[in-house]
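S.K.: I'd like to ask you about the structure that follows.
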Amino acid sequence: MIKKKHYKKILLQITWQSAAILSFAIILGFLANTLRANRLALKTDWSTKSQLSQGNDEAGIIPFDLAKKFFYSHAAVFIDARSTNNYNKGHIKGALNLPIDYFEERYWKVMANVSSETLIITYCNGENCHASEEVAMFLFELGHNNVKILVDGWTLWQQNCLPIEKGAAASS
C-alpha cells in the first residue's frame with residue numbers, strides 16, 4: 001500500500017511534469033508557426049464579412065461603383081435584406097426582397113430562378129445594418145458561390161439618384 005505522503009509526492013511530480021510537457025508543446029507550437037511560410041492566424045475574425053471571404057482573395061464587400069456597373073449591365077441579382085414594409089416603400093429597381101427575419105420561409109420562392117453561380121449583391125440600409133451580411137452568409141452556406149455585400153446600399157443608391165421602384169415585386 002502506498003503511504004499518503006508518498007502518494008502526494010507522486011501526484012505533485014505528475015502535475016509538475018504534465019505542466020512542463022504542456023508548456024513545452026505550446027512553446028514548440030508557437031515556434032513552428034513562426035517559422036512557417038504561411039503562418040496560421042493566432043486571432044481569427046468570425047464576422048460574417050470575414051467568413052464570406054474565406055478561401056477567396058476578394059472580400060465579401062463590393063464597392064459601390066462596381067455594384068452600379070453590375071446593375072446597369074444586368075450582371076447581378078440584387079437582394080434587399082430589409083423588411084417587406086421597407087422594401088415596398090422603395091428599393092433598388094428589380095431587386096428581390098429576402099428579409100432576414102423570414103429567410104427560411106421565403107428563400108425557395110424568392111431564389112427559385114437564381115442559379116448558384118449568379119452574382120448576388122445583398123444590401124440593406126445604413127452602415128450598421130447587418131441584415132445584408134446575414135442574408136449573404138446564409139446564401140453562401142446554401143451554395144451560392146458568388147455573393148457580395150453592398151454596405152449601406154439603400155442609402156448610397158438613393159444619394160446617387162439611381163433607379164428605384166416602390167411596391168411589391170411582381171414575382172412575390
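S.K.: When DSSP beta bridges are limited to those with both residues in segment 48-165, what percentage is antiparallel, rounded to the nearest 5?
M.R.: 15
S.K.: Sticking with this structure for a sec: Can you give the charge dipole size of the chain about its Cα centre, rounded to the nearest 20 debye, using +1 on the beta carbon of Lys and Arg and -1 on the beta carbon of Asp and Glu?
M.R.: It works out to roughly 1340 debye.
S.K.: Something else: Taking Cα centroids, how far is segment 1-34 from segment 97-172 in Å?
M.R.: 54
S.K.: Gaussian network model of the chain, Cα springs within a sub-10 Å range: biggest mean-square fluctuation belongs to which of Leu40, Leu156, Leu119?
M.R.: Leu40
S.K.: Right, here's the next one. May I ask you to list the GluC sites (Glu not before Pro) in segment 94-172 that are in a DSSP loop and have at most 16 other Cβ atoms within 10 Å of their Cβ? Kindly include the intermediate steps, with their values, before the conclusion.
M.R.: On the way: sites: Glu104, Glu105, Glu117, Glu127, Glu133, Glu134, Glu141, Glu165; in loops: Glu117, Glu127.
Loop-located and lightly packed - Glu117, Glu127.
S.K.: Give the cross-link partners of Lys93 among the lysines, using a straight C-alpha distance below 30 Å as the criterion and excluding same-chain residues fewer than 8 apart.
M.R.: Lys49, Lys68, Lys69, Lys109, Lys148, Lys166
S.K.: While we're on this one: Please build a GNM for the chain, connecting alpha carbons under 10 Å apart, and tell me which residue among Ser132, Ser83, Ser18 fluctuates the most.
M.R.: Of the options given, Ser18 has the highest mean-square fluctuation.
S.K.: Still on this structure, I have one more. For the chain, set up a GNM with springs between Cα atoms under 10 Å and report which of Asn145, Asn85, Asn33 has the largest fluctuation.
M.R.: Comparing Asn145, Asn85, Asn33 in the GNM, the peak value goes to Asn33.
S.K.: Only one of the values (i) 22.2, 73; (ii) 25.5, 88; (iii) 15.3, 48 was calculated from this structure for Rg and Dmax of the Cα atoms in Å; name its label.
M.R.: (ii)
Rule-based calculations on the coordinates, nothing more; no lab input. For clarity, every value in this text was computed on a predicted model and none was experimentally measured. Methodologically, a virtual Cβ is constructed for each residue, glycine included, from the backbone with ideal geometry; neighbour enumeration extends over all protein chains shown.
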